[in-house]
Every structure is written in structure tokens, then in C-alpha cells.
Amino acid sequence: MRLTTLLPFLSLPLTITATPTPQPKPSRLWATHYNGNVYSLTLSNTNLSITHTQKTCGKMPSWLTYDSESHIVYCSDEDGTSDPSTHGSLTAYRPGKDGKLHELSSVKTIGGGVDSVIYGVGKEKFIAIAHYEGSAVSTFKLPLKQNSHANQEFHFNMTHPGAVSQQDSPHPHSVFLDPTGSFIVSPDLGADLLRIYSIDSTGDLTSCPPVNVTFGSGPRHGLFWTDGTDEHSSSSPSTNDASKPTHQREMAAVGKTMMYLVNEIGGTMMVFDVSYARSGCLNLERKQTIIPYPNNPRKMPEGSTPSEIRLIGDKFYVSVRSDQGFEPNDSMVTISRNAKDGRVSVDGKSEAWGKVPRTYAVNRAGDLVAIGNQASANVAIVKRDRVSGELGEKVAVLQVGEPGKVGSAEGLSSVIWEE
């Protein structure tokens, strides 16, 4: 009887309800254009779209820096020169849930702001700006208050012009932190110098002796590596113990340290050993110089220049402008770092999916790269293999504003992820 009772139930068809595959959450990005607009972008699977276009950040929005801790975006305006009658601007925004930027404050700056980095001492935060046409480096205390003034300004001069017309005056092109967050380095493309600043317990910068780079190199962008911190530490605000002298904080926090630099005019990449002097400054000793391009060339392709450099794990990525390595588009070059001695070698190149890749950003997961192509004024998203480090197929390409003339301050100027 018990078996007979169960049979009708055993004969019923088995129904299985499939669990829907969860869709990845859309990613957000922001991009600036020299037309005076800042764009909010959304990436959903393979669809990249513009969600907001805002006329903001002065006449020439050039660079975005995102403070994920405070959820504030900072935009530098490249307008203006070293003439004090001209100026640029720095604007702070709070992103909305839809990615639109809501202005919090805006201040006047020295002209020509092209790059910025956030640094901290204890609970205090600051932002340092490289002013290309302004021939200066400046700092502001954060949070940025409406119409506040710079915390510090460092103005530079040259007694003799450099190797090419582009080196007619000092041109700081970027600012970046050492792994401990206790030093800032600013490559000066016009003066062939690495300008170095130590950060004291109040957040003020103190000039250290600059480091000479080979005449005619035109240093542009760089970064640090250390075995004492993770791969993303060079872009993270420092939380060092401000009660200790600067050099004591560094010596206790970092092991072997190296610096990597790309030079725009000379078309080279340089490797430096880094040591921390008891005087409280950095020592940089160059140990290698290469051409960051495949097939061991003696120089970069005619008319081409390296632009930006980033490091993930033991792979560097250098964007190359105007090489037309994938005609008519330009290239991204992948470079390996030797784990034993820190020396580098070129692996190969991949397509930038546009002209003049001025800037690019790797997402936090390390599997996507957003490339900002200046002259073609597009943002290209490409896949990155997290194991091999190779850049792969195109995910999406989006026109963002009107194209610009190669070699001019026109077109797309920067792109970042909201991460």
C-alpha cells in the first residue's frame, strides 16, 4: 500500500526553475574635453553611452582626479599661462547617483593646470597641481572652499632654452607620490628636471635638490614601485603618522623602491633606483634607459611620442601618440618588469582604437582599460587579461565631443573610472 500511494507522485513531471544570471552592474566614467565640457559616461556590458554633458571646469578642462574616500571629483582647467593676469581653475564636484557632477566649489589657480594628485598627512588632505604653461606647482588644502587661495605656489624659471622649441620655459607636466606618500615628484618637460618635494607634518611641501634628466628628454609622466606596498599605493592618499619626521616615516614603511619615467621629447623610458636619504630627501640613480616600442628600435617612429605610463603587477602600459601603429590609429605598448632587478623589456603593442591616446585608466578589477584618444576624441574600452597582462579585444568605442587637430590643445583631454 505504501508503494502504491507513492507512485502517483513519482510519475509527476519534475519542474526546475532556472536562476537568472545576474547582470553586471553598469560602470561609470568621466571624461574632459578641451571644448569646455565634462562628460558623464556609463558602460553597460558592451554599450558605452554619454549620460550627461556639462559646460564646466573653465575654458579648457584638462584633468580629472577622483577622491573615492570623500566621493569628490576635482577638475583642473588648463587655461592661462605664467602671466599673472591670466589664470586657470580647480573645481570640486559631488557626483550624483546618475553620474552627473554637482559643483561644490571653484577656485582660481595659476594657469595651465594639466595634472593633480591628492596627498594626506594624518587626517588632513591636500591636492598638488602641475601647471604646464604656468611653469609652476601649487597646492590647495582640502576640502576645497569657494574662492580660497593656494596653500603654496612654486614658480620656476630657466636661464637657457632647452633642446627644442617646446622647451622654451619650464613645463611641469605631472605630479605623483612616492609609495609612502611623503614625497611628490614633478617631471618638468621644459627644464629636463625631476622636481622633488618632501611633505612635512603640516602638509606643506619643501623643495629637495632636483634631479637632472638627459638633455632633450622632456620628462612627462612617471610612477613608483616598491616591494613594501601594493600595486595601487602610488595613487592613494597617505595616512602616515604625522608626528614623526618625514624621513623616519619613510624608512620604516618601505623596502626596495624604484621609479619609472617616460620622456616625451626624447622618446625614452628610464628606470631609477630610489633611496631615502637621512637629510629627508630622495636619491634617484638611473640604471636603465630603453625605447618603449617593440622590435628594439633605436628611436620612436617618426613623429610619435610616449604619453602616459601605468603599472599593474609586473606589467607597464605606455600610450604612444601618433605612431599610427594600427593605421590610422595609434598604439598602447605593454612592457614587462623583471621581478629580480626591476629592469624592463618591451612585450608588444595593441591598438588604441583612436588617434593620440593622451591618457588612459585601468579599472579596479584590472580587466578593462579606458583609453582617452585626444585627436579622434573618443573613449575606447578594451579588455585586459588579468593573468598575462595583455590588452585584448575592443569592448566599446564612443565619440565624445568633436575631434581635435593633432599637435594642438584640442579634443579629448582625460578619462577616469568612478572607483
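The values are calculated or read from the model by the stated rules, or taken from the named source; none is laboratory data. The structure presented is a predicted model; accordingly, all values stated were derived computationally and were not measured. With ideal geometry, Cβ positions are generated from the backbone for all residues, glycine too; neighbour counts draw on all protein chains shown. Only protein heavy atoms, including side chains, enter the accessible area calculation; ligands, DNA and RNA are left aside. Shrake-Rupley method; radii C 1.70, N 1.55, O 1.52, S 1.80 Å.
How big is the gap, in Å, between the Cα center of the stretch 343-416 and the Cα center of the stretch 62-88?
22 Å
Hey, what did the stretch 307-419 get for relative contact order, percent, Cα under 8 Å, at least 6 apart? Don't skip to the end; give the middle numbers.
Values: 301 pairs, mean separation 21.8, N = 113.
Computed value for the stretch 307-419: 19 percent relative contact order.
When the Kirkwood radius is taken over all Cα pairs of the stretch 262-307, what Stokes-Einstein diffusion coefficient follows at 25 °C and 0.890 mPa s, in µm²/s? Don't skip to the end; give the middle numbers.
On the way: Rh = 12.2 Å.
After rounding, the answer is 201 µm²/s.
So what's the net charge close to L29: Lys and Arg +1, Asp and Glu -1, counting the other residues with Cβ under 10 Å from its Cβ?
Charge balance in the 10 Å sphere: -1.
Let me have the relative contact order for the chain, percent, based on Cα pairs under 8 Å that are six or more residues apart.
For the chain, the relative contact order is 11 percent.
Quick one: the Cα spread of the stretch 299-419 along its three principal axes, in angstroms, biggest first?
Taking max minus min along each principal axis of the Cα atoms, the stretch 299-419 gives 45, 35, 21 Å.
Under a 1.4 angstrom probe, counting protein chains only, how are W417, W225, W353 ranked by accessible area, largest first?
I get W353, W225, W417, largest accessible area first.
For the stretch 195-226 and the stretch 258-287, what is the separation of their Cα centres, given in Å?
9 Å
Measure off, as a whole percent, the carbon and sulfur share of the 1.4 Å-probe accessible area of the stretch 17-107, all protein chains present.
Carbon and sulfur: 51 percent of the exposed surface of the stretch 17-107.
Sequence neighbours fewer than 8 away in the same chain don't count; with that in mind, list the lysines whose C-alpha is under 30 Å from K383.
In chain and number order, the partners are K25, K97, K100, K299, K315, K340, K349, K355, K394, K405.
Summing +1 for each Lys or Arg and -1 for each Asp or Glu, what net charge is found among the other residues whose Cβ lies under 11 Å from the Cβ of C57?
Residues close to C57 contribute a combined charge of -2.
With every protein chain left in place and a probe of 1.4 Å, what is the accessible surface of R220, to the nearest 10 Å²?
10 Å²
Ignoring any ligand, DNA or RNA, what whole percent of the accessible area of the stretch 271-361 comes from carbon and sulfur when the probe is 1.4 angstrom?
41 percent
Using the beta-carbon distance between K141 and A365 and R0 = 35 Å, what value does 1/(1 + (r/R0)^6) give for FRET efficiency, to the nearest 0.05?
Working from the Cβ atoms, E equals 0.60.
What per residue convex hull volume, in Å³, comes out for the stretch 120-190 when only alpha-carbon positions are used? Intermediate results must be reported in sequence, preceding the final value.
Values: hull volume 6.6 nm³, N = 71.
Enclosed volume per residue, from the Cα hull, is 94 Å³.
Can you tell me the accessible area per residue over the chain, all protein chains present, probe 1.4 angstrom, in square angstrom?
So the chain comes to 45 Å² accessible per residue, rounded to a whole number.
Which shape class applies to the stretch 83-140: rounded if a/c is under 1.5, otherwise prolate when a/b exceeds b/c and oblate if not, where a ≥ b ≥ c are the square roots of the Cα gyration tensor eigenvalues?
Note, shape of the stretch 83-140 comes out oblate.
Taking only Cα atoms of the chain, what ratio of Rg to Rh do you get with Rh as the Kirkwood inverse-distance radius?
Taking Rg over the Kirkwood Rh, I get 1.06.
Find the Cα radius of gyration of the stretch 375-419, compare it with 2.2 N^0.38 Å by division, and give the number to two decimals. Each step should come with its number before you reach the end.
Working: Rg = 13.1 Å, N = 45, 2.2 N^0.38 = 9.3 Å.
Taking N as the residue count of the stretch 375-419, the ratio is 1.40.
Pick from V369, V164, V185 the residue whose mean-square fluctuation is largest in a GNM of the chain, springs joining Cα atoms under 10 Å.
V164
If you roll a 1.4 angstrom probe over the protein chains with everything in place, what fraction of the accessible area of the stretch 157-228 belongs to carbon and sulfur, to the nearest %? Walk me through the numbers before you get to the answer.
Values: 1230 of 2440 Å².
Its accessible area is 50 percent carbon and sulfur atoms.
Tally Lys/Arg at +1 and Asp/Glu at -1 over every other residue whose Cβ is under 14 Å from the Cβ of T305; what's the total?
Around T305, the charge tally is 0.
Project the alpha carbons of the stretch 72-207 onto their principal axes and report the range along each, largest first, in whole Å.
49, 31, 25
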